[in-house]
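Read the structure below first, then the notes.
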């Protein structure tokens, strides 16, 4: 296999961390009674399925390119799911402005140069479109966080944004591995490959820890409100005879 044992550990943990973050979001949505947040957690599952496809690709020592192409298709649907889920949450905010939001989305799509999506390699087009959709999701998520800092932890929002750092570093590592170090692909350069993948693991861990923090904060508020209610009820209760 191309990947070393430590590199496999990084890849597997990265996939498990994303799954854990998804399940935690589902739990958080149910705790706070927000179906839209639960749907956001479920919307993370396609990307997790895409990571399994990448793992299968590496298991075959990168000899079945279809598995990598399949992951790109799955991730496109995953990015669309994340965007739709956050748009649903945004609509629930009091300051939601559909017209302004559509203008913003149009500007993002135009900046993605859609004419380049019609290139010879359809999978490159899918990858680029997926990136544009994911960036749109990040912007909507940031707007939601700025309007309601209590709904999502800043660590969670930062974790989703940190994926862009992972992508940028991966592209740079691909250049170093193939153009500078002379390897056929990034997977053949175990050090650079593992270094880049570790950033995705950090990103996924940030998301999961952020959601767990939100769960703890909600539970603390619920306990505090319950205690305040009991105290208020005790003060209002009529005196009891001895």
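Readers should treat all values here as calculations from the given coordinates under stated rules, not as data from a laboratory. Remember, predicted model here, so these are calculated numbers, not experimental data. Cβ: placed from backbone, ideal geometry, glycine included. Neighbour counts: every protein chain shown.
Counting other C-beta atoms within 10 Å, which of 89, 167 has the fewest, and how do the rest follow? Walk me through the numbers on the way to the answer.
Values: 89 23, 167 16.
Sorted ascending by nearby Cβ count, the order is 167, 89.
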Let me make sure I get this right: for the stretch 126-232, a, b and c are the square roots of the gyration tensor eigenvalues over alpha carbons, sorted descending. Under 1.5 in a/c it's rounded, otherwise prolate if a/b > b/c, else oblate. Which is it? prolate
Based on other C-beta atoms within 10 Å, arrange 143, 133 from fewest to most. 143, 133
